[in-house]
Each structure stands twice: as C-alpha cells, then as structure tokens.
Amino acid sequence: MKALEDVLGTPLFVREARGVKLTPAAHAALPRARRMVAEYEDMVEARQDARLIAGSMVVGSITSAAAVLAESVLALKAVYPALNITVVHGRKSELRNKVIAREMDAAIFVETAGRLGDELDWQHLYAEPLMLVCSSVHGPHISAKDLLKTQPYIRFDHSGATAPMVDQMLKKAQVQPQTVLEMNSVTSIVELVRKDVGVSIVPILRSFAWDEDTALRLVPMPGRVFERRIGILRDVRRAHVNDALLQEMRRRLA
C-alpha cells in the first residue's frame, strides 16, 4: 500500500488504532480503480471457456425487486462458485447513476424515459399494475372512488416515477383525496392500510401475494390500467456475467 501511495504521490489511507480508513483522494480514485479491475476481469473472462463464468459483479436493486434478485443470485452462485456477486439496494436515480459511472455492472429499477449511452442496455423484466388498496373491513360493495372520497389517503412518494400515473388515475376518477401521510415504501404503506389507517394507490408488487391476503382488498381504479415497468439496466461491457443474470431472472419470472 505504501508503494502505491508513493507512486501516486498522495496518501490513500488513514491508519488509526481501530483500523484503516480511505482518504478523500482514495474515494475519488475508487470509480477509476473499479473500472480497471472490471477491465482486467473482462480480459481474463474472454480467455476462459464460454461456459465458465467467474469474477466479481455488483448489482443494484430497488427494494421491491430484491427478492427475485436474491433468488437469482443464489442460483447463479450454485452453478458458478467462482462468481462473486455483491447486491446493493437503493433508489432508482442513485442506481442508474452508479451503472453509468461503472460503479455497478447492472441495476434493477422502474423504467423511465431517457436516452441511454452506447455502452448501456435496458431489458424489460415485468410490470406491476397500480391499484387502490384498502383494508378488508371495507366491503366489496364500496367503489374505489367512494373509498378515496371518504377514507384518509396515504400517498406514495410524489417525487418518484410512479407519481404521474397516480395523478392521472385520480384525475380520471375526478376525486381529490384527503392526504394524511406520504411514504416512499410500498410495503410500509400496505402495512398501515392493513390496519385501516387509510387507503392508497400503489404498485402491486410481484413478490407479495396481496391478492390472497384476507386483511386487504385490491380495488381497480376506473379507466385504463396503469402499470409501472421494471427492468434491468446493464453495462454491455460486462455482457458475459450480465447475460447469465438476466437469463436466470427471466427463468424465475416466467
């Protein structure tokens, strides 16, 4: 490490009694270092048999896609023990930026409009319909519109990619609900709805069997069905490992 600091002409580590910490210069050099490691691994992988997948991979995911990603990662590890995969959770904008900066090899999040660079590839995985969710104490005879008029409304993150779709649904229903809370976690919102704290319009997450939950009602909104599309943004320069992950996820989602 000292030799590396001498070559670069700047301290990279702060040595303390409890361990070693990176200096600001080291943090600034991390993206370039990760790119160098990734390029080296690509060179190694290119010489290996096409059936052998090895090296390291960093994959990001929004929380709602974490379950299917984790299952896919475990399946890949069982087949390719030399493949090391690190899974990181985060918000869409953060994940997208990390893939662009080559700090991640791939990330799973909600699709949004925007141009991708030549070295990036977007693949659709699945869709989640948006529906009104309420406690089952409200009988099946009560419409979505009536629930929105009479019950407290828990809003799902107005700054997220789903917000414009929710706004269109409310406009179509010609109703302005009384918002009492705003949260950025779908699962936390549904937990409050289950306790009859209020109602909400949220994406119906694929990994949760809410349609089978006797404590909940899923109520379609009037008009067209809105869906949020979930996909994976990939660095095409790491296609060798990214393709294996994509194939495994699609197999599990089929």
What residue, among those in segment 189-203 that are surrounded by 14 or more Cβ atoms within 10 Å (Cβ to Cβ) and not hydrophobic (A, V, I, L, M, F, W, C), is farthest from residue 92 (Cα to Cα)? 196
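Is it the case that segment 118-126 has a residue that's at pLDDT below 90, charged (D, E, K, R) and over 19 Å from residue 208 (Cβ atoms)? Break it down stepwise before answering.
Residues of segment 118-126 that are at pLDDT below 90, as a first pass: 118-119.
Then drop every residue that is not charged (D, E, K, R), which leaves 118-119.
Right, trim to over 19 Å from residue 208 (Cβ atoms) and you get 118-119.
Looking for residues that are at pLDDT below 90, charged (D, E, K, R) and over 19 Å from residue 208 (Cβ atoms), one finds at least one in segment 118-126, hence yes.
The values are calculated or read from the model by the stated rules, or taken from the named source; none is laboratory data. If you're wondering where the values come from, they're calculated on a predicted model, not measured in any experiment. Using ideal geometry, Cβ is built from the backbone for each residue, glycine included, and neighbour counts are taken over all protein chains shown.
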